[in-house]
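Q: Please read through the structure below; I'll follow up with questions.
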Amino acid sequence: QVQLVESGGGLVQAGGSLRLSCAVSGSIFTINAVGWYRQAPGKQRELVATITTRGSTNYADSVKGRFTISRDNVKNTVYLQMNSLKVEDTAVYYCNTPTLGLKGSWGQGTQVTVSS
């Protein structure tokens, strides 16, 4: 079983930055990739960025050039550095593995609010 806990959200002005953290524990050896997702009010959850165990990354077009996903294998933590934040980035952000996501297993998430 894998557990993922998000933290680091908050309120920030447009143009500002935040760094989200995802602490991963449990059967880490079973993980092939970790993704950051977000869900804004009234919208479907969307994939923001992913990082594989080999360090390959992928981003949604809406965040390319502004967000960076990274991992610290010693701390078993995945980060999402968010720069040049926009009001439309406001959402609850979740980290998850694709497998857990397909099973409908999600954590509490962390709220990111960007004010104009």
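The values are calculated or read from the model by the stated rules, or taken from the named source; none is laboratory data. In this text the structure is predicted, and so the values were computed from the model without any measurement. All Cβ positions, glycine included, derive from the backbone under ideal geometry; neighbour counts span all protein chains shown. Remember, those area values only see protein heavy atoms, side chains included, never the ligands or the DNA or RNA. Shrake-Rupley method; radii C 1.70, N 1.55, O 1.52, S 1.80 Å.
Okay, residues lined up against (1) in contact (Cβ under 8 Å) with a residue 40 or more places away in the chain; (2) under 15 Å from the mean Cα position of the chain (by Cα):
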site	(1), (2)
G15	yes, no
S27	no, no
I31	yes, no
T57	no, yes
N76	yes, yes
M82	yes, yes
C95	yes, yes
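Q: Considering only residues that are at pLDDT 95 or above and loosely packed, with under 14 Cβ neighbours inside 10 Å, look in the stretch 84-105 and name the one that is farthest from K43 (Cα to Cα).
A: Checked the stretch 84-105; the qualifying residue farthest from K43 (Cα to Cα) is S84.
Q: Quick check on E6: is it at pLDDT 95 or above, charged (D, E, K, R) and open to solvent by less than 60 Å² (accessible area, probe 1.4 Å)? Can you show your working first?
A: Values: at pLDDT 95 or above: yes; charged (D, E, K, R): yes; open to solvent by less than 60 Å² (accessible area, probe 1.4 Å): yes.
So E6 fits the description; yes.
Q: Does the stretch 48-58 include one or more residues that are out of contact with any Ser or Thr (no Cβ under 7 Å at 6 or more places or on another chain), open to solvent by 70 Å² or more (accessible area, probe 1.4 Å) and not in a loop (DSSP other than H, G, I, E, B)?
A: no
Q: Let me ask another. Would you please name the residue that is farthest from T68 (Cα to Cα), looking only at residues in the stretch 27-37 that are open to solvent by 30 Å² or more (accessible area, probe 1.4 Å) and modelled with pLDDT of 85 or more?
A: N32
Q: Inspect all residues belonging to the stretch 27-39 and state whether any of them is among the small types (G, A, S), assigned to a strand (DSSP E or B), more than 20 Å from V114 (Cα to Cα) and touching a Pro at 6+ places or on another chain (Cβ under 9 Å).
A: Yes, some residue in the stretch 27-39 is among the small types (G, A, S), assigned to a strand (DSSP E or B), more than 20 Å from V114 (Cα to Cα) and touching a Pro at 6+ places or on another chain (Cβ under 9 Å).
Q: Taking the stretch 59-74 as the search range and keeping residues that are over 21 Å from G16 (Cα atoms) and free of Cβ contacts under 8 Å to residues at least 24 places away in the same chain, which one is most open to solvent (accessible area, probe 1.4 Å)? Outline the logic, then answer.
A: Start the filter on the stretch 59-74 by keeping residues that are over 21 Å from G16 (Cα atoms), which leaves 71-74.
So of that shortlist, the ones also free of Cβ contacts under 8 Å to residues at least 24 places away in the same chain come out as 72-74.
Numbers: D72: 45, N73: 103, V74: 133 Å².
The qualifying residue most open to solvent (accessible area, probe 1.4 Å) is V74.
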